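The values are calculated or read from the model by the stated rules, or taken from the named source; none is laboratory data. Small disclaimer: the values here were computed from a predicted structure and weren't measured. Cβ coordinates were reconstructed from backbone atoms using ideal geometry, including for glycine residues, and neighbour counts include every protein chain displayed.
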Amino acid sequence: MPTSRKGSALLTVLWLTAALSAIGLAVANNVRGETERTSTGVDDVKSYFIARGAIERAALHIRWRGYTDGAGEPIYYRPGQPLMNLDFPGAQVTVEIIPETSKLNLNRIQPEDLFRLIGALGVPPDRATEITAAIMDWRTPPKPGQESPFDAFYLSQTPSFLPRHASYQENEELLLTKGVTTGLYYGESLNDSQAGLRDCLSVFGSNYAVDVNTARPATMVAAGLSPDEATAVVQRRAIHPIFDYKELGELQQALGPAGGHLRLGGESMFTLRATARLKQADGSLSDLRRTIAALVQFNFPGNSRKLPNGYQILRWYDRT
């Protein structure tokens, strides 16, 4: 065989070898990537069901709040307790216990308080004025023969609609209200440090005083505290939650008239928000976090509706 033909054959073999090697590497990378994604998906599903179980477990603990040990200390749950750390064989879960009394009532908050709340969430005054007016318009029946100034905006949307002009029935209706963005509703930060309207307003919220252990600073400002007073409350409860009325009374006295806008604990409506982290083989916790939440109504003994002791899950949030 001529030398030139031998060289061509050798080059062809080398090119084929390089091409096959590249294909093999690409396939290996794809398999490794799919394996990692599948593993992450499996961990996500595990975390979801563990977090779901943690919500059920926390609800039972709250239901059993009357059980105490020999010293009279609560065994499962102390009213006013802001969170539970629950240990499972394969994971650890933190359950935030957020009474609806940590929020102001969406349908009864006064315009000046609503404006102050929206401003405390970092919204500029001109935009806060527009959003306040839009929320008030949504929940207020129009005068006979007079159209709402916001109706034209809603009719221009795709699909078009008209506001209820009645009380909000769900907190999520705020997302339909003119000027309310997803960032303003849910909060701007991934670590939940920047609150949103959903953290401060609720159709089941308080009409006057908010829970001292869980109310957001913006909510306390809207309720009547100054920003410095709200910061002081957050710093104090970070040291330890306020569990008894004597300590609450001391705090109220220190704050003056504004202290009357603080209360202790919730009533019967709570949001339970569970964040699960799987345990790894070495005992450390996975970086993957799965958070779900539920709005739960409790029927404690002696409740005004005369329902048997228990609880009902009113809303479920698989993604929070």
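Structure data summary
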| quantity | calculated |
| --- | --- |
| Identity of the residue in the range 68-91, farther than 17 Å from Gly265 by Cβ and assigned to a loop (DSSP other than H, G, I, E, B), that ends up nearest to the chain's Cα centre (by Cα) | Gly90 |
| Residue match in the range 232-255 (condition: in contact with an Asp or Glu (Cβ under 8 Å, 6 or more places away or on another chain) and part of a loop (DSSP other than H, G, I, E, B)) | no |
| Those helices (runs of 4 or more DSSP H) lying entirely in the range 92-157 with at least 3 residues touching a residue at least 40 places away in the same chain (Cβ under 8 Å) and either of a type in the set (Lys, Arg) or buried (at least 18 other Cβ atoms within 10 Å of the Cβ) (or both) | 111-120, 125-138 |
| Unmet requirement for Phe270, which otherwise passes all of (1) out of contact with any Lys or Arg (no Cβ under 8 Å at 6 or more places or on another chain); (2) of a type in the set (Phe, Trp, Tyr); (3) free of Cβ contacts under 8 Å to residues at least 60 places away in the same chain | (3) |
| So Leu278, is it assigned to a strand (DSSP E or B), within 25 Å of Ala223 (Cβ to Cβ) and touching a helix residue (DSSP H, G or I) at 6+ places or on another chain (Cβ under 7 Å) | no |
| In the range 160-178, residue modelled with the lowest pLDDT [restricted to those that are of a type in the set (D, E, K, R) and part of a loop (DSSP other than H, G, I, E, B)] | Arg164 |
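Conditions (1) in contact with a Cys (Cβ under 9 Å, 6 or more places away or on another chain); (2) of a type in the set (Val, Ile, Thr); (3) closer than 15 Å to Leu288 by Cβ; (4) in contact (Cβ under 8 Å) with a residue 60 or more places away in the chain, marked per residue:
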| residue | (1), (2), (3), (4) |
| --- | --- |
| Ala28 | no, no, no, no |
| Ser39 | no, no, yes, no |
| Arg52 | no, no, no, yes |
| Ile55 | no, yes, no, yes |
| Pro74 | no, no, no, no |
